[in-house]
Amino acid sequence: MPTTSDDCIFCKIVAGELPARIVRQDERTIAFMDIAPATYGHTLVIPRNHTRDLLEIEPEDLQAVAVAAQQVAARASERFGAAGINLINSCGSAAWQTVFHFHMHVIPRYNDDPLRL
Ligand code: 5GP
Ligand code: ZN
């Protein structure tokens, strides 16, 4: 069973208590579409275990998230014709983290898309 936090929305997605469009899952991670996509295909990859941020996540979970993010990125290139990918993790509110369950953004990029980071 994954470690959970009672008032965490991503833990609720892991538990199936909140709906999400899940695109990939394995023993340690799930990947689902961002509710407010920055570009077409914007996906979040999270560990099933609740950990707050980059400074707290266990190395095994971080490794599993990285491998999952690479596969999600490859799929975005193939399926959506993305011309590039941004992988982004925000750690701490000063870095604009808003959900305090570790997550990696996989943001497909398209030639001349308007997103500025
Ligand atoms: P952060 O700002 O912490 O780096 O990213 C949090 C991300 O989670 C945002 O891109 C936001 O749109 C997404 N998000 C917040 N709540 C939900 C939700 O309930 N479902 C999904 N699928 N994404 C969410
Ligand atoms: Zn959580």
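Read the figures in this text as sums done on the coordinates, not as results from a lab. Worth saying up front: this structure is predicted, and the values here are computed from it rather than measured. Note: ideal-geometry Cβ built from the backbone for every residue, glycine included; neighbour counts use all protein chains shown.
Quick notes
- Annotation note: chymotrypsin sites (Phe, Trp or Tyr not before Pro) in region 1-104 located in DSSP loop regions with a Cβ neighbour count of at most 16 within 10 Å are Tyr40, Trp96.
- With one equal scatterer per alpha carbon and no solvent term, the Debye-computed log10 I(q)/I(0) for region 78-117 at 0.26 1/Å reads -0.89.
- In this structure the amide hydrogen of Thr29, modeled in the peptide plane, comes within under 5 Å of the amide hydrogens of Arg48, none closer than 5 places in sequence on its chain.
- Averaging Cα coordinates gives a centre for region 1-35 and one for region 99-117; these two points are 19 Å apart.
- Relative contact order for region 36-117: 45 percent, from Cα pairs under 8 Å spaced at least 6 residues apart, divided by residue count.
- Relative pair counts by distance (%), Cα atoms of region 38-83, 10 Å bins: 26, 44, 26, 5
- Placed amide H near Asn86: partners under 5 Å, 5+ positions off or other chain: Ile107, Arg109
- Orphan Cys of the chain, criterion: no other Cys C-beta under 4.7 Å: Cys91
- Under 14 Å from the Arg79 label point (7 Å along Cα→beta-carbon), backbone N, region 100-117: 106-108
- Kirkwood Rh and Cα Rg combined as Rg over Rh, evaluated for region 9-109: 0.94
- Its DSSP H runs of at least 4 residues, each contributing -39,500 (n - 2.57), put the calculated 222 nm mean residue ellipticity of the chain at -7500 deg cm²/dmol, to the nearest 500.
- Here the chain is scanned for trypsin sites (Lys or Arg not before Pro) in DSSP loops (not H, G, I, E, B) that have at most 11 other Cβ atoms within 10 Å, and the longest stretch holding none of them is 22-115.
- Full-stretch length increase - Leu115, Gln70 - with 0.36 nm per residue and alpha-carbon distance subtracted: 14.1 nm
- Helix axis angle, 59-80 relative to the chain longest principal axis, alpha carbon, degrees: 30 degrees
- The string of couplings for region 110-117 from the Karplus curve (6.51, -1.76, 1.60, θ = phi - 60°) is 10, 3, 6, 5, x, 5, 10, 9 Hz, one whole number per residue in order, with x for Gly and Pro.
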